[in-house]
Amino acid sequence: MKAKAKPSNAQPAVVLDSEVVRQIRQHARSSSKTEVCGVLIGQDRDHRIDVAACIEGQNAEEAGAHVTFTQDTWEHIYAVKDQKYPEERIVGWYHSHPGFGVFLSDHDTFIHRNFFSSPGQVAWVFDPHSDEEGCFGWVDGRIERLKQFGVVDRRGGEEAQEGERPETAATNGTHDEAIPAQLEKRIGPIKIPRRDGGETGESSDSSLERLVANVFFYLAASALGFALAWYVFPRVEVMPVLLDPRTGQLIDVQTGQVIAERSRKGEVAAPALPAKPDANHAAQPSPSNPDGKKGNDAQPK
């Protein structure tokens with residue numbers, strides 16, 4: 001009995017080397033504001049796409065929302081491929097979407113249809129801001145996001161002790177000696193405040209002292225500001241004024257008399273008070289006559 005043939009609309013199986021994924025992520029994170037691009041190198045056999053390497057797209061037109069392969073970019077890609085991967089073929093391309101998710105824009109779809117139109121070519125998209133990534137491929141003549149893709153480690157199967165890097169610092173049971181001296185100097189001792197005093201009690205006391213010092217500092221600054229404002233800025237003094245309700249003239253508060261209007265020279269004229277008659281000389285005539293003469297000269301001759 002013959003095996004059933006795979007349907008034409010089945011999605012291709014995509015397998016990427018873990019080193020390729022690492023290089024794509026590193027390239028995308030090198031530019032957090034503009035898109036970067038490159039091509040995928042590998043083989044396409046029996047509806048299976050194996051990605052073994054990648055080549056960065058140098059001299060591409062990079063912008064915040066799109067990227068374009070230029071003539072210089074293709075020349076660089078083919079030069080590296082012929083030198084390093086002569087037996088492999090281009091099985092797709094990759095580009096980054098810094099900060100706006102994983103999808104294919106109209107510009108990306110145009111690039112995939114015109115430069116990567118083979119059914120064995122895919123498009124890999126990575127967002128360096130959210131670390132989201134996805135793969136798009138040809139399914140029944142349409143470009144769809146693939147549901148599954150695999151990542152393999154070519155070094156899988158090695159024994160644990162092989163290829164391990166030596167420890168940077170030997171440990172003897174204490175955690176402090178395992179930390180490099182430079183890192184320990186950068187971090188410094190960590191103190192956790194608590195209420196039962198001890199070493200961390202000093203930190204609480206110092207915090208209280210700083211708080212009290214800050215309060216006194218702000219009070220002193222406020223007092224100094226009020227003193228400067230008192231001496232520098234003009235002050236308004238309120239003087240009580242009395243008015244005569246009948247004439248509307250000013251009345252001296254101390255004497256209770258009406259203050260006369262000011263003269264032209266700016267001097268205040270003294271109020272004219274009526275002369276009191278003298279009781280001893282009330283019946284006597286005035287010593288002066290109408291002609292202005294005094295004494296016996298005032299009598300008629």
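The values are calculated or read from the model by the stated rules, or taken from the named source; none is laboratory data. Source: prediction; values computed, not measured. Neighbour counts run over all protein chains shown; Cβ positions are idealised from the backbone, glycine included. Areas reflect the complete protein model, heavy atoms only, side chains present, ligands, DNA and RNA absent. Shrake-Rupley method; radii C 1.70, N 1.55, O 1.52, S 1.80 Å.
Matching residues to (1) at pLDDT 70 or above; (2) polar (S, T, N, Q):
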site	(1), (2)
234	yes, no
241	no, no
252	yes, no
255	yes, yes
261	no, no
265	no, no
Subject >> Unique residue being in a loop (DSSP other than H, G, I, E, B), over 30 Å from residue 51 (Cα atoms), of a type in the set (Lys, Arg) and modelled with pLDDT of 70 or more when the list is 246, 194, 155, 210 >> reply: 246
**OP:** Name the strands (runs of 3 or more DSSP E) wholly inside segment 1-103 in which the number of residues that are basic (Lys, Arg) is 2 or more.
**Re:** none
Original post:
Going by the conditions given, is residue 40 farther than 21 Å from residue 129 by Cα, in contact with a Cys (Cβ under 7 Å, 6 or more places away or on another chain) and among the hydrophobic types (A, V, I, L, M, F, W, C)?
Top reply: yes
**OP:** Hey, could you check segment 128-155 for residues that are farther than 23 Å from residue 114 by Cα and among the small types (Gly, Ala, Ser) and say which is surrounded by the fewest Cβ atoms within 10 Å (Cβ to Cβ)?
**Re:** 150
Original post:
Quick one: would you say residue 130 is outside any strand (DSSP E or B) and touching a strand residue (DSSP E or B) at 6+ places or on another chain (Cβ under 9 Å)?
Top reply: no
Original post:
Does any residue in segment 30-48 that is on the phi > 0 side of the Ramachandran plot and surrounded by fewer than 23 Cβ atoms within 10 Å (Cβ to Cβ) come within less than 9 Å, Cβ to Cβ, of a residue that is part of a loop (DSSP other than H, G, I, E, B) and charged (D, E, K, R) six or more places away or on a different chain, and which pairs are these?
Top reply: 47/6
Original post:
Give me the pairs: first residue in segment 12-28 and under 19 Å from residue 121 (Cβ atoms), second residue of a type in the set (Gly, Ala, Ser) and open to solvent by 40 Å² or more (accessible area, probe 1.4 Å), beta-carbon distance under 6 Å, and six or more apart or on different chains, which are they?
Top reply: 17/52
**OP:** Within segment 215-237, count every residue that is of a type in the set (S, T, N, Q) and either open to solvent by 100 Å² or more (accessible area, probe 1.4 Å) or in a loop (DSSP other than H, G, I, E, B) (or both).
**Re:** 0
**OP:** Quick one: which residue in 126, 115 is closer than 15 Å to residue 27 by Cβ, in contact (Cβ under 8 Å) with a residue 40 or more places away in the chain and hydrophobic (A, V, I, L, M, F, W, C)?
**Re:** 126
Subject >> Scan of segment 84-109 for residues that are surrounded by 16 or more Cβ atoms within 10 Å (Cβ to Cβ) and charged (D, E, K, R), ordered by number >> reply: 88, 108
Original post:
Of (1) open to solvent by 60 Å² or more (accessible area, probe 1.4 Å); (2) modelled with pLDDT under 95, residue 70 satisfies all except one. Which?
Top reply: (1)
**OP:** Look at segment 56-105 and say how many of its residues are polar (S, T, N, Q) and under 22 Å from residue 15 (Cα atoms).
**Re:** 1
Original post:
Applying the selection to segment 49-67, what residues are among the acidic types (Asp, Glu), under 23 Å from residue 17 (Cα atoms) and open to solvent by 60 Å² or more (accessible area, probe 1.4 Å)?
Top reply: 56
